[in-house]
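First the structure, in the form of structure tokens, and then the observations on it.
All of the numbers you see were taken from the coordinates with simple rules; none came from a lab. Since the model is a prediction, treat every value here as computed from it, not as a measurement. Here the Cβ is made from the backbone with ideal geometry for all residues, glycine too, and neighbour counts use every protein chain on show.
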Amino acid sequence: ALPELTLHLCGAHQWRQEAVAAGAAGVTAHGKQDDLSTLLRISRVLIAPVLIASGLSTKVFLAFEHHLPVVTSPLGTRGMMLHHDPAAVSIGRTAAQFVAATVRLYTNETLWRAQQLRAHAHAAHHLGTGRLQRELRRAVSQVMAPATHRTS
């Protein structure tokens with residue numbers, strides 16, 4: 001457990017109400033946020049227990065871009081191409097695994113640094129504008145290449 005930890009909870013109004021009702025110490029419920037940049041910059045770990053796919057992949061990608069390690073559920077990695085580097089993210093399938101992964105990542109500086117670097121490199125190579133530029137160049141070069149198989 002991490003009693004000194006402050007958990008910043010962002011999301012739907014219902015989650016904020018539940019956090020307030022639970023009276024959990026160390027929880028700051030922000031509600032829905034249009035821009036997470038400030039919170040991502042001051043955070044050590046993004047915790048994303050995805051139960052339904054509802055735009056959270058975007059938040060995981062933003063965390064990667066901000067050099068922020070991530071703990072998520074298997075659904076939270078959907079579309080992130082993590083089969084190339086599964087060590088770029090920590091995954092919890094049960095509540096106990098989720099908590100253990102969060103504590104391990106938060107307290108182990110070596111693991112935190114390694115995941116931080118891998119996640120950012122993964123995002124830059126597989127998900128960011130660099131990949132888009134490479135794919136666009138490849139597509140344009142294929143279109144512009146001389147046709148050797150055409151018949152008139």
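Numbers for the structure displayed
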| item | result |
| --- | --- |
| Interchain or long-range residues, amide H under 5 Å from VAL70's placed H | LEU46, SER90 |
| Point-to-point label distance, LYS32-ARG44, nm (Cα→Cβ direction, 7 Å offset) | 3.2 nm |
| Residue order, fewest to most surrounding Cβ atoms within 10 angstrom, among ILE91, ILE47 | ILE91, ILE47 |
| Length added when fully stretched, ARG138-HIS8, from 0.36 nm per residue minus Cα-Cα | 42.6 nm |
